[in-house]
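Here it is: the structure, laid out below.
The values are calculated or read from the model by the stated rules, or taken from the named source; none is laboratory data. All values derive from a computational prediction rather than experimental measurement. Cβ atoms come from the backbone with ideal geometry, glycine included; neighbour counts cover every protein chain shown.
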Amino acid sequence: MQKFELWYPLKNPLLVTQRFGENLVPLYANMGMKGHNGWDIVGLEGQRCRAAHDGIVTFAGEDGSGGLGIVIRTKEKFWYENQWVYFKTIYWHLKPGSIIVKASQEVKVGDIIAQCDTTGLATASHLHFGLKPLLQGEQEWEWGNLLQTNGYLGAIDPAPFWNYYYAEDAQGRMAIMNKMIEILKKVVLLLTKQLNAKI
């Protein structure tokens, strides 16, 4: 069973100013939440933000508070809380004019999607990164948050899903892994031929 995993969307240094569930400001209570519904990762103004997993862009634009953000949904289902779900990741406080993806576009982990900034309800340049499990409705276009009433508007802590690698390095690492798999297959094929020749 494949486990859903996330790559860090920003490169070194990975500094987190506020983690999931922390309640450093009254803003969250005012929004009806128990605490922060994601991770705030320090990102210098203009720092490139990358997709933390493969998926489909379902939103790229502005929210009601002037914040710019992107939402990416997985194409595959993953086992979570005793059922099959999709996941979506949320990237917020992005720089005006920097979003280079659009809704319905497919992305791969490591693809540049935008740059960090302070748009929306932000006091300093950073990336708000969120994660939510999703269920698909009866119709193809119907989606709902699995845990909408959990006190975090359906968000869950991304901490258990990080693989501790940077998305910027993902495609290089995957290319190396694929090459190693090819070599291993050739070795197995060669050994199988030698074994069959001896029989």
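For the subset of the range 17-35 comprising residues that are within 26 Å of residue 149 (Cβ to Cβ) and either under 17 Å from the mean Cα position of the chain (by Cα) or polar (S, T, N, Q) (or both), which member is surrounded by the most Cβ atoms within 10 Å (Cβ to Cβ)?
Checked the range 17-35; the qualifying residue surrounded by the most Cβ atoms within 10 Å (Cβ to Cβ) is 20.
Pick from the range 42-57 the residues that are touching a Ser or Thr at 6+ places or on another chain (Cβ under 8 Å) and assigned to a strand (DSSP E or B): which of them is surrounded by the most Cβ atoms within 10 Å (Cβ to Cβ)?
55
Across the range 120-168, what is the number of residues that are more than 26 Å from residue 48 (Cβ to Cβ) and outside any loop (DSSP other than H, G, I, E, B)?
7
Another one. Quickly run through the range 71-89 and pick out the residues that are more than 10 Å from the chain's Cα centre (by Cα) and part of a strand (DSSP E or B).
Scanning the range 71-89 gives 78, 79, 80, 83, 84, 85, 86.
Still on this model: Of the residues 86, 91, only one is modelled with pLDDT of 95 or more, out of contact with any His (no Cβ under 9 Å at 6 or more places or on another chain) and not basic (Lys, Arg); which? Steps first, please.
Details: 91 fails: out of contact with any His (no Cβ under 9 Å at 6 or more places or on another chain).
Only one candidate passes the filter, namely 86.
If I go through the range 141-150 residue by residue, how many of them are farther than 16 Å from residue 72 by Cα and loosely packed, with under 15 Cβ neighbours inside 10 Å?
Number satisfying all stated conditions: 2.
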